[in-house]
Amino acid sequence: MLSSQVNKRIGQAMHDYAMLRDADHVLVAVSGGIDSLVLAWVLQHWQKKAPIDYKLFAVHIDMDIWHEEMTEPNPVQAVEREMKKIHLPLHVEKSLPLINEERTCFSCSKLRRKQLFDLASRFKCNKIAFGHHKDDLLETLFLNMFYSGNISTMLPKQELFDGRLSVIRPLAYIEKQDVEDIARKIGLCAVSNLCPMAGDTKREQARKMLQDIYNQIPGAKASLFASMKNVREGYML
């Protein structure tokens, strides 16, 4: 199901950042987006051929947006249906309530991240896997420069809580198009995002801007991605 090039890039990311080790317990964050669904399949696929033994715990956090009056199907049931296709058990957890805070992309993301940390502790997982890919890392780089005034992005691997927990992103070296190609081959379908702010965010704006750059400058994506590993601090203020 994986082309030799995509397989090599996933393996390279895992090797470069020592993402998986023997006896790891990995919580896989499954939002229902195509990236997280493909990530779950990739980790399960790798599990069968890896020279190490690790366990997977797929988790979906129900953001509790859907109600019976909606014409769209229940996203929780849709995520469960997709996970059954790859025969990976899924644990569904109701989202923690937002208290005295308006629902925004930032507040929801922060709350969901906190809940995933708590679930990792409950299930005794030492790793949390996210489905972020190369395009996500590049978009985050520009978002942080535009809106936060710093040069940073999501790391392929990040140690937290004095090393007791690690966040890993095994798809960090492959592109969105690669993820979608894998999904088509194995028959996975993205679950609709019912958030009213979906599709109209700063990230979406950054994505469109970067696509314009890629269209105008051949090789720009590869150069931008390489630049994140080639920071010449002597030429920075």
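The values are calculated or read from the model by the stated rules, or taken from the named source; none is laboratory data. What you are looking at is a predicted structure, and each value in this text was computed from that prediction instead of being measured. With ideal geometry, Cβ positions are generated from the backbone for all residues, glycine too; neighbour counts draw on all protein chains shown. Heavy atoms of the whole protein, side chains included, go into the accessibility calculation; ligands, DNA and RNA do not. Shrake-Rupley method; radii C 1.70, N 1.55, O 1.52, S 1.80 Å.
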Worksheet, complete the sentence: The FRET efficiency for ASP64 and PHE123, from their Cβ-Cβ distance with R0 = 22 Å and rounded to 0.05, is 0.55
Item to complete: Exposed loop GluC sites (Glu not before Pro) only (DSSP loop, at most 13 other Cβ atoms within 10 Å): please give the longest stretch of the chain free of them, not including the sites.
Response: 103-237
Worksheet item: What FRET efficiency would be calculated for the residue pair SER227, GLU72, taking the C-beta separation as r and a Förster radius of 35 Å, to the nearest 0.05?
Response: 0.30
Practice prompt. Note down the nm distance, to one decimal, between modelled labels 7 Å out along Cα→Cβ at LYS208 and at GLN44.
Written response: 3.6
Worksheet entry | GNM flexibility winner over the chain from TYR54, TYR17, TYR147 (Cα, springs under 10 Å) | TYR147
Discussion item. So for the chain, averaging the separation of alpha carbon pairs under 8 Å that are six or more residues apart and normalising by length, what relative contact order in percent results?
Written reply: 26
Worksheet item: By how many nm would the segment from MET154 to ASP22 lengthen if fully extended, with 0.36 nm per residue of separation less the alpha-carbon distance?
Response: 45.1 nm
Worksheet entry | Centroid-to-centroid separation of the range 80-132 and the range 5-37 [C-alpha atoms, Å] | 17
Worksheet entry | For the range 30-149, alpha-carbon Rg over 2.2 N^0.38 Å | 1.19
Worksheet item: Once the mean 1/r over all distinct Cα pairs of the chain is inverted, what Kirkwood radius in angstroms do you read off?
Response: 19.0
Worksheet item: Which Cα, out of PHE123, LEU137, MET154, lies furthest along the positive dipole direction of the range 116-169 (beta carbon charges, K/R +1, D/E -1)?
Response: PHE123
Response to the item:
Of the listed pairs LYS185/LYS229; LYS48/LYS134; LYS124/LYS157; LYS48/LYS176; LYS114/LYS202; LYS49/LYS157, those with alpha carbons more than 27 Å apart are LYS185/LYS229
Fill in: Shape category assigned to the range 148-237 from the gyration tensor of Cα positions, a/c cut at 1.5
oblate
Fill in: Estimated [θ] at 222 nm from DSSP helical runs (n ≥ 4, -39500 (n - 2.57)) normalised by residues in the chain, nearest 500
-13500 deg cm²/dmol
Worksheet, complete the sentence: Carbon plus sulfur, as percent of the 1.4 Å-probe accessible area of the range 25-130, comes to 54
Item to complete: State the antiparallel share, in %, of DSSP beta bridges confined to the chain, rounding to the nearest 5.
Response: 20
Discussion item. Suppose all protein chains stay in the model; what accessible area per residue would a 1.4 Å probe give for the chain, in Å²?
Written reply: 58
Practice prompt. Determine which residues of the range 23-47 fall in the zone a paramagnetic label at LYS55 would reach in this model, i.e. backbone nitrogen under 17 Å from the point 7 Å along Cα→Cβ.
Written response: 23-29, 44, 47
